[in-house]
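Peer 1: Provided herewith is a single structure, encoded as C-alpha cells, for subsequent inquiry.
Each value in this text was obtained by applying a stated rule to the coordinates, not by laboratory testing. These figures come from a predicted structure and were not determined experimentally. Ideal geometry is used to build each Cβ from the backbone, glycine not excepted, and the neighbour counts take in all protein chains shown.
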Amino acid sequence: MSATAAGSWLSPTAEPNTPVDRSGRRDTPQKWGNPFTYFVALLFIGVCVAPVLYIVVGGFRTNSQITTNPAALPHPWVAGNYAAVLRSTTFWGEFANSVIVALASTAGIVVLGLMVSFVIARYDFRLKGAMYSLFAAGLMFPMVIAITPLYIVIKDLGLIDNLLGVIVPQIAFGLPMTVIILVPFLRAIPNEIEEATAIDGASRLGFFFRMVIPLSLPGVVTVGILAFVGSWNNYVLPLYVLNAQANFTLPLGVQAFSSQYSTDTAKVLAFTSLAMLPALVVFSVFEKRIVGGLTGAVKG
Amino acid sequence: MSNPLGTDTATGRRSRGASPVGGAAPATAPATAPATPRAAVRRRGRGKTRLEIAVLSGPAIIMFLAFVVFPVALAAYYGFYRWHGYGAPTDWVGLNNYRLILTDHAFQQVLRHSFLIMVLSLLIQGPLAIALALLLNQRIRGRSLIRVLIFVPYVISEVVVGTGWSLMLQSNGALNDLLRSSGLGFLQADWLSNPKLAIWTLIGIVSWKYIGFAVILMLAGLQSIPDELFEAAQIDGASYWQIQRRITLPLLGPTIRIWAFLSIIGSLQLFDLVYIIWGPYVSGTAGTSTMAIYMVAQGRNAGNYGYGNAIAVVMFLISLVVALLYQRFVLRRDLQGAVTEGVS
C-alpha cells in the first residue's frame with residue numbers, strides 16, 4: 001500500500017512528458033527496431049504474466065487434471081469452476097462488500113484530499129508547511145505498524161465487523177499520498193485563472209468549485225484509481241476488523257475460500273481469478289488515462 | 001492582456017464585481033490589474049479566509065490525527081505495559097519490553113530476515129529494473145501494452161499472489177512438475193517448507209511482485225530525460241554504452257534513489273505475502289518470518305499486546321532511522337524539490 005502510494009507521488013513530476021505526443025511524433029513511420037529487445041521484453045512479460053495465467057487457466061481445469069499433471073493446459077477446458085463461483089452467493093456478497101468499501105474509500109480520499117490539498121496549495125497561512133509535513137510524514141506510517149491500536153480505536157467506536165471500520169481508516173491512511181500527488185498539481189494551476197475567476201466576482205471557494213475541480217480532474221483520476229486498487233487489495237485491516245463471513249471483502253474471501261476448499265484446487269483458482277479481475281480491469285483501462293491526463297494537465 | 005479590448009472588458013467586469021477595490025483601479029493601468037483581485041481577496045477579511053481554511057482542511061486533518069497519528073502514539077504508550085488486550089493496561093513495566101526485545105533471539109532472527117529481504121530487494125530489483133527500462137525505452141511497438149503487462153503482478157493483491165504461488169510451489173505443485181517434465185528433475189525442491197530454501201523463495205516472490213513497479217518508475221524517469229541530450233551526444237560521436245553511462249544513469253539518479261527509498265521502507269514492513277503463504281506459525285519454522293509477522297504473532301495471536309506494540313515501535317524506529325539517514329545522506333537533493341515545493 002505504501003509503495004503504491006509513494007510511487008505515484010513521483011508520477012506528476014516524472015510522467016508528464018511520457019508517451020502520447022511522443023509516440024505519435026516518433027513512431028509515425030513505425031520501425032520495428034532490434035529483435036533482441038523484443039526477445040527480452042517477451043521473456044520478461046512471460047515471467048510477469050505466466051503465474052497469473054496459471055491461476056486463470058487453472059480455473060478451467062478439473063481437480064484430477066491438476067493432480068495428475070499440475071503444469072499442463074486444460075484438457076478439456078471446463079467452465080464449471082467459474083460457473084460455480086459465479087453462482088455462489090458468498091462470492092457476490094464479498095464482491096459487493098469490496099465494491100462498497102472501495103467506492104466509499106475512494107470517494108472519501110478524493111473529496112477530503114482535494115479539499116486539504118487545495119488549502120495547502122493555494123492559501124497563505126502560517127501552519128501551511130507544518131500541515132504538508134504532517135501528511136508527508138504519513139507515508140512512513142504503514143497500516144501494519146499501527147494495526148493493534150487502530151483495532152482498539154475501531155473497537156471503541158463500535159465499528160468492529162462493520163464496513164465503516166475498514167472504510168474510515170482507509171481514508172485516513174490514503175490521505176498522505178493524495179496530498180503529495182495533488183498539491184503540486186493544484187499549485188500548477190496558473191494564478192491568472194484564479195484572478196480571472198476573482199474578477200468575475202467569484203470567491204476563492206467559487207474558484208475551487210468552478211475551476212479547481214475540473215482542472216484537477218486528471219490528478220483526481222490518478223489518485224482515485226490508486227485509492228480504488230489499494231482498497232480492493234487491502235488485507236491487513238479487513239483481517240482485523242471483519243470477523244463474520246458475511247462482512248468479508250474479497251481478499252479475506254479468497255483466503256477463507258482457499259482454506260475451506262483446500263482440496264478443491266480448481267475452484268480456488270477460479271475464485272482467485274475472479275477476485276483479482278476488477279482491480280486489474282480498472283487499472284488497465286485507466287492506465288493510459290492516468291498518464292495522458294498528467295500530460296494534458298495545465299502547466300503554470 | 002495585450003489586447004486593449006480584452007483589458008477593457010476585464011476591468012469593466014471587475015468594477016461590477018463584488019470586489020470592493022476593483023472599481024478604484026484605473027482602466028489605463030492594465031499592468032497592475034493582475035495584482036488587484038488578489039489584494040481584494042485578501043482584504044475581504046481574514047476571518048473568512050480562516051474559516052475557509054478550517055472548513056476545507058479540518059475533516060482531513062481530524063481523520064488523519066484520529067486514525068493514523070493517534071494509533072501510532074497509542075502503540076508507543078502500550079509498549080510500556082505488560083498487557084493482554086483486555087481492559088485498560090495497568091501493569092506498567094517501563095522499558096522492560098524493549099529490554100526483552102534486545103535479548104529476544106526470535107526477534108533478532110526476524111530482524112535478520114527483514115534486512116536480508118531489504119538488501120536483496122535492492123540488489124536484485126534495482127539493476128534488473130534499470131536494464132529492462134533501458135531496453136524497453138527503445139522505439140518498440142506495443143510499448144503501452146508492455147507497460148500494462150509488466151504492471152500486472154504489482155496491481156493484483158498480495159492475497160492472490162500468495163494463494164497462487166503457494167499452490168504452484170507445493171512439493172507436488174506446478175513448478176516441480178514443470179522441472180520434472182523438462183528434464184530438470186534434480187532441481188525439484190520443497191520450495192516453501194525447507195527452512196534453508198524458503199527465505200529465498202520469499203525473496204523471489206517479492207522480486208517478482210514488485211519489480212514491475214521499479215521498471216515503470218525507471219521508464220518514467222528515462223522518458224523525462226530530454227531527447228536533445230542523447231542527440232547531442234550521438235553527434236559528438238559517443239557510443240551507446242558511453243551515452244548510458246555518462247548521461248542516462250546520472251540523470252536517472254533521482255528516480256533510482258527514490259525507488260530505493262520506497263523499496264527499503266516497503267521491505268522493512270513486509271507482512272501480507274508471508275502471512276498468506278506461510279501464516280504466523282509456519283513462517284517461524286520455515287525461516288521466513290519478518291518483523292511485522294512477529295509483531296502480529298506476539299500481539300494478536302499470543303495475546304502479548306504490550307510486547308507486540310513494543311515491537312511495532314521498534315519497527316517504526318528502525319524505519320524512521322533508516323529513512324532519516326537515507327534522506328540525510330542520499331536523498332537530500334531529490335527530496336528538496338518534493339518537500340520545499342510543498343512549503344514554499
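Peer 1: I'd like to compare B:92-100, B:259-267: which one has the highest average count of other Cβ atoms within 10 Å, and what's the full order after that?
Peer 2: B:259-267, B:92-100
Peer 1: Run the numbers on region A:26-155 and let me know its relative contact order in percent, using alpha-carbon pairs under 8 Å that are six or more apart. Display every interim value, and only then the final one.
Peer 2: Numbers: 32 pairs, mean separation 14.4, N = 130.
The normalised contact order for region A:26-155 reaches 11 percent.
Peer 1: What is the sum of charges around B:VAL215, taking Lys and Arg as +1, Asp and Glu as -1, for the other residues whose C-beta is under 13 Å from the C-beta of B:VAL215?
Peer 2: Numbers: positive: B:ARG143, B:ARG147, B:LYS209; negative: none.
With Lys, Arg at +1 and Asp, Glu at -1, the neighbours total +3.
Peer 1: How many Cβ atoms of partner chains, on average, are near each residue of A:188-196 if near means within 10 Å of its Cβ?
Peer 2: For peptide A:188-196, the averaged partner shielding equals 3.
Peer 1: Go through B:TYR210, B:ALA189, B:LEU317 and say which Cα lies farthest out towards the positive end of the charge dipole of region B:100-343; charges sit on Cβ, +1 for Lys and Arg, -1 for Asp and Glu.
Peer 2: B:ALA189
Peer 1: Next question, about the same structure. If R0 is 60 Å, what FRET efficiency do you get for B:TYR240 and B:ALA106 from their C-beta distance, rounded to 0.05?
Peer 2: Plugging the Cβ-Cβ distance into 1/(1 + (r/R0)^6) gives 0.75.
Peer 1: About the Cα centre of region B:100-343, how large is the charge dipole given +1 on each Lys and Arg Cβ and -1 on each Asp and Glu Cβ? Please answer in debye to the nearest 20.
Peer 2: It works out to roughly 160 debye.
Peer 1: Further question: Let me understand region B:100-343 better: what is its radius of gyration from the alpha carbons, and its Dmax, in angstrom?
Peer 2: Using the Cα atoms of region B:100-343, the pair Rg, Dmax is 21.0, 68 Å.
Peer 1: A further question on this structure: Using Cα pairs under 8 angstrom and six or more residues apart, how large is the relative contact order of region B:212-310, in percent? Walk me through the numbers before you get to the answer.
Peer 2: Details: 58 pairs, mean separation 17.6, N = 99.
Relative contact order here is 18 percent.
Peer 1: Something else about it: Along region B:268-279, what does the Karplus equation 6.51 cos²θ - 1.76 cosθ + 1.60 (θ = phi - 60°) give for ³J(HN,Hα), rounded to whole Hz, x for Gly and Pro?
Peer 2: With the stated coefficients, region B:268-279 comes to 5, 9, 3, 9, 3, 4, 5, 5, 7, 6, 9, x Hz.
Peer 1: Also, I was wondering about something else. If you count, for each residue, the other Cβ atoms within 10 Å and average over each peptide, how do B:150-163, B:217-230 line up from highest to lowest?
Peer 2: B:150-163, B:217-230
Peer 1: Next up: Please identify which residues in region B:141-158 have an amide N closer than 14 Å to a label point set 7 Å out from the Cα of A:SER284, following the Cα→Cβ vector.
Peer 2: Those under the cut-off are B:144-156.
Peer 1: How do B:237-247, A:167-177 rank on mean C-beta neighbours within 10 Å, highest first?
Peer 2: A:167-177, B:237-247
Peer 1: Within 10 Å of each Cβ in peptide A:247-254, how many partner chain Cβ atoms are there on average? Round it to a whole number, please. Each step should come with its number before you reach the end.
Peer 2: Details: counts 0, 0, 1, 3, 8, 1, 1, 7.
Mean shielding count: 3.
Peer 1: For region A:118-167 and region A:190-211, what is the centre-to-centre distance using only Cα atoms, to the nearest Å?
Peer 2: 30
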